[in-house]
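**Q** Structure below; questions to follow.
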Amino acid sequence: MPRYWHQWALILAALGAVVVLLVLPLVLIAVQAFSQGATVVADNLTSTDMIAAIKLTLVVALITVPVNLVFGVLLAWCVTRYEFRGRKLLTTLIDIPFAMSPVVAGLCYLVVYGGQSAFGKWLDDTLGVQLMFALPGMVMVTVFVTCPYVARVLIPLMQSQGTEEEEAAVLLGASGWQTFWYVTLPKIRWALLYGVVLTNARAVGEFGAVSVVSGLIRGETLTLPLLIQMLNEDYNSVGAFTAAGLLAAMALVTLLLKTVLEWRQHHKLDAAQETTP
Amino acid sequence: MSIRVESIRKTFGAFTALEDISLDVARGGLVGLLGPSGSGKTTLLRIIAGLETPDRGRVFFHDRDVTTLDARRRRVGFVFQQYALFRHLTVADNVAFGLRMLPRAERPPRDAIRARVRELLELVQMDTMAGRYPAQLSGGQKQRVALARALALKPEVLLLDEPFGALDAKVRKELRRWLRHLHEQIDVTSLFVTHDQEEAMEVSDQVVVMSQGRVEQVGSPLEVYEHPASRFVFDFLGHINALEGTYDGTTWRAGDARLRLDTHGACPDGALTLYLRPHEAGLAPAPDEHAHLPVKLTARSVFGGTVTLELTPQGWGDRVLEVELDRDTWQALSPRRDDTLYLLPRVLQTVTCDGDLGPRVRPG
């Protein structure tokens, strides 16, 4: 418990900041969304554009998360379990999507895979595949932007855990796959879930890179963040805030999930320590 | 199953961990690999297990060349220094792991696995802890679980890396005795790594002394202690006092100190270093006809049956000497701190100027 007045003052200041910066905007989103009554909100939620955007957002996340889950685990495994030339370089390269502005990433993809480029043209002419201004391009940039999360969570953990348990498993006759499935995966599962939660949050909310490659075709290539922008520009503030509320709710659910996972892990650790003789 | 290692060489970058190592371990042996850290003993153990690949040389298990055989197919039992128990599995599941990983055709039925696990846990006296997780065990308990897990597949070769390294002195002693006993119960060839001389001497029936990637000497504990093959072995096995001085054919001198020595012509005149083991010297209030080695008592430690004394030479160097007396001798002498006493060596090891071991000599 705080004992002096300045301690109370600091706590109050922190609480004030939380209210002004975090709680108030969230409340205002809800207030704005419901400013013309619940029926308007319901209408907006069931409009074809909104439903298409929700679907698209979920599809992008559903593809991105498994891809980056596998990629992140492989990368972390590779970097922490093997010693090879260029290992340091690789760990640095993982951070590029963190360091680079998503808009720049989107533009890069547009330049390489778009209809203007030789490769994009070749794809279109010979295979009839259009990557940009369509779902594939949006998934590609989202995968790019979110690819460091899982690996970044896993690498320090796997480094600190070392390889002895894996070696023990191999000496007990376990194959590579058995070692991964029965030894490595259980050791990293909580961190892995955390990485997935982060990846998902980012994939759902991604705006910059996706807006560059989406082409903003209503009902086709608009994800929720893009739809919010569009509705806002159309002066449909109820629609914009309804979509924003939905996105915020998704983020909160993700956050809640993460907190529950963390709490469970701590709980488990505490339980293990309490029963130690 | 016997283990044979033939001219193994292993380098890590610019560092040579093992340099032309050859070794024979007879079936049923309990062999200690002894050496300071960095001497390559753990690397050798890992090569035998298949966790490292040698740059050169071969490993045989009973005349079968296993050099290129995968670690998982060598079927050795291995106990890691930090135990490496699977932290997410209970004690029983840890022990059952090897059996459960067997291909379906070889895997025993569920009940048989359970029975085998119980049997192993009884063997290591851990049957009451079957449901615990590794985090809930003490160091000694983890050690025994690790051993049970390593024995689950009935290996004919058991490799242990610093098996008692992380335990406190009392548990360590107990487990040492217990491991010896266990080794007599089961038919297995064991090789363990240690940097602790006492441990190697007590547990093993053969000691392999290693230094800087080379085998210095192989022999029974008594052999290597009584007849060390090199200066390093003598130096490494227990504490020694090095006395530096000059020799003129009859007398060794250093400052005010004199010691009559008859080396039967084995040591040339000139610089001569003498090694003195702490328990191979006495102390007296006065010098005798052969030895005049004045020392001052600076510290003592009384523990068990022996008393360890710290002595500072008086007028012949300043390197602190260590001497062990039995309790009765100590009480008969009962010197006080800062008293001047005279060192009376019984046996000394000569070291020639080129660093090799000379003959062992007595004063007189």
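**Q** Please indicate, with yes or no, whether at least one residue in the range A:152-167 is free of Cβ contacts under 8 Å to residues at least 12 places away in the same chain, buried (at least 20 other Cβ atoms within 10 Å of the Cβ) and either touching a Phe, Trp or Tyr at 6+ places or on another chain (Cβ under 6 Å) or among the β-branched types (Val, Ile, Thr) (or both).
**A** Among the residues of the range A:152-167, not one is free of Cβ contacts under 8 Å to residues at least 12 places away in the same chain, buried (at least 20 other Cβ atoms within 10 Å of the Cβ) and either touching a Phe, Trp or Tyr at 6+ places or on another chain (Cβ under 6 Å) or among the β-branched types (Val, Ile, Thr) (or both), which makes the answer no.
**Q** Here's a follow-up. Report, by residue number, each residue of the range B:333-364 that is β-branched (Val, Ile, Thr) and within 25 Å of the chain's Cα centre (by Cα).
**A** Scanning the range B:333-364 gives B:Val347, B:Thr350, B:Val351.
**Q** Same structure, new question: Please go through the range B:305-332 and pick out each residue that is over 34 Å from the mean Cα position of the chain (by Cα) and under 16 Å from B:Gly282 (Cβ atoms).
**A** Residue satisfying the conditions is B:Ala332 alone.
**Q** If the requirement is being out of contact with any strand residue (DSSP E or B) (no Cβ under 9 Å at 6 or more places or on another chain) and over 30 Å from B:Phe12 (Cβ atoms), which of these qualifies: B:Leu175, B:Leu261, B:Leu243?
**A** B:Leu175
**Q** Tell me, yes or no, whether the range A:226-234 has at least one residue that is surrounded by fewer than 22 Cβ atoms within 10 Å (Cβ to Cβ), at positive phi and free of Cβ contacts under 8 Å to residues at least 24 places away in the same chain.
**A** no
**Q** Next question. Are any of the residues in the range A:201-210 surrounded by 22 or more Cβ atoms within 10 Å (Cβ to Cβ), touching a Gly at 6+ places or on another chain (Cβ under 9 Å) and over 25 Å from A:Phe34 (Cα atoms)?
**A** Yes, the range A:201-210 has at least one match.
**Q** Say we look at the range B:96-134 and pick out the residues that are exposed (fewer than 13 other Cβ atoms within 10 Å of the Cβ), more than 14 Å from chain A (Cβ to nearest Cβ) and not in a helix (DSSP H, G or I); which of these is modelled with the highest pLDDT?
**A** Of everything passing the filter in the range B:96-134, B:Pro109 is modelled with the highest pLDDT.
**Q** Still on this structure, please answer the following. Mind listing whichever residues of the range B:157-192 are acidic (Asp, Glu) and either part of a helix (DSSP H, G or I) or surrounded by fewer than 19 Cβ atoms within 10 Å (Cβ to Cβ) (or both)?
**A** Within the range B:157-192, B:Asp168, B:Glu174, B:Glu184, B:Asp187 qualify.
**Q** A further question follows. Considering only residues of the range A:174-211 that are of a type in the set (Gly, Ala, Ser) and without any contact (Cβ under 8 Å) to a residue 24 or more places away in the chain, which is nearest to the other protein chains (Cβ to nearest Cβ)?
**A** A:Ala174
**Q** A further question follows. Provide a single number: the residues in the range A:167-225 that are modelled with pLDDT under 90, out of contact with any helix residue (DSSP H, G or I) (no Cβ under 8 Å at 6 or more places or on another chain) and of a type outside the set (Gly, Ala, Ser).
**A** So the answer is 2.
**Q** Hey, can you tell me all the residues within the range B:62-79 that are within 27 Å of the chain's Cα centre (by Cα) and more than 14 Å from chain A (Cβ to nearest Cβ)?
**A** If the condition is that a residue be within 27 Å of the chain's Cα centre (by Cα) and more than 14 Å from chain A (Cβ to nearest Cβ), then B:His62, B:Thr67 are the ones that fit.
**Q** Restricting attention to the range A:21-43, which residues are in contact (Cβ under 8 Å) with a residue 40 or more places away in the chain and within 26 Å of the chain's Cα centre (by Cα)?
**A** A:Leu26, A:Ile29, A:Ala30, A:Ala33
**Q** Here is a list of conditions, (1) buried (at least 19 other Cβ atoms within 10 Å of the Cβ); (2) facing another protein chain (nearest Cβ under 9 Å); (3) in a loop (DSSP other than H, G, I, E, B), and B:Pro54 meets all of them except one; can you say which number that is?
**A** The number of the failed condition is (2).
**Q** Out of the residues in the range B:3-37 meeting the condition of being of a type in the set (A, V, I, L, M, F, W, C) and not in a strand (DSSP E or B), tell me which one is surrounded by the most Cβ atoms within 10 Å (Cβ to Cβ).
**A** B:Ala26
**Q** Please go through the range B:138-156 and give me each residue that is at the interface with chain A (Cβ under 8 Å from one of its Cβ atoms) and part of a loop (DSSP other than H, G, I, E, B), ordered by number.
**A** B:Ser138, B:Ala152, B:Leu153
**Q** If A:Leu171 satisfies every condition in (1) within 14 Å of chain B (Cβ to nearest Cβ); (2) out of contact with any strand residue (DSSP E or B) (no Cβ under 6 Å at 6 or more places or on another chain) but one, which is the exception?
**A** That leaves (2) as the condition not met.
**Q** While we're looking at this one, here's another question. Looking only at the range B:142-167, count how many residues are out of contact with any strand residue (DSSP E or B) (no Cβ under 6 Å at 6 or more places or on another chain) and β-branched (Val, Ile, Thr).
**A** Qualifying residue count for the region: 1.
**Q** Separate question: Filter the range B:80-95 for residues that are more than 9 Å from chain A (Cβ to nearest Cβ) and not in a helix (DSSP H, G or I) and give the result.
**A** B:Thr90
**Q** Another question about this same structure. Which residue pairs have Cβ atoms under 9 Å apart, sit 6 or more places apart or on different chains, and have a first residue in the range B:118-141 that is in the same structural domain as B:Leu175 (by TED's automatic domain parsing) and under 14 Å from B:Ala84 (Cα atoms) and a second that is of a type in the set (Gly, Ala, Ser) and surrounded by 17 or more Cβ atoms within 10 Å (Cβ to Cβ)?
**A** Nothing qualifies.
The values are calculated or read from the model by the stated rules, or taken from the named source; none is laboratory data. None of the values given here were measured: they were computed from a predicted structure. Here the Cβ is made from the backbone with ideal geometry for all residues, glycine too, and neighbour counts use every protein chain on show.
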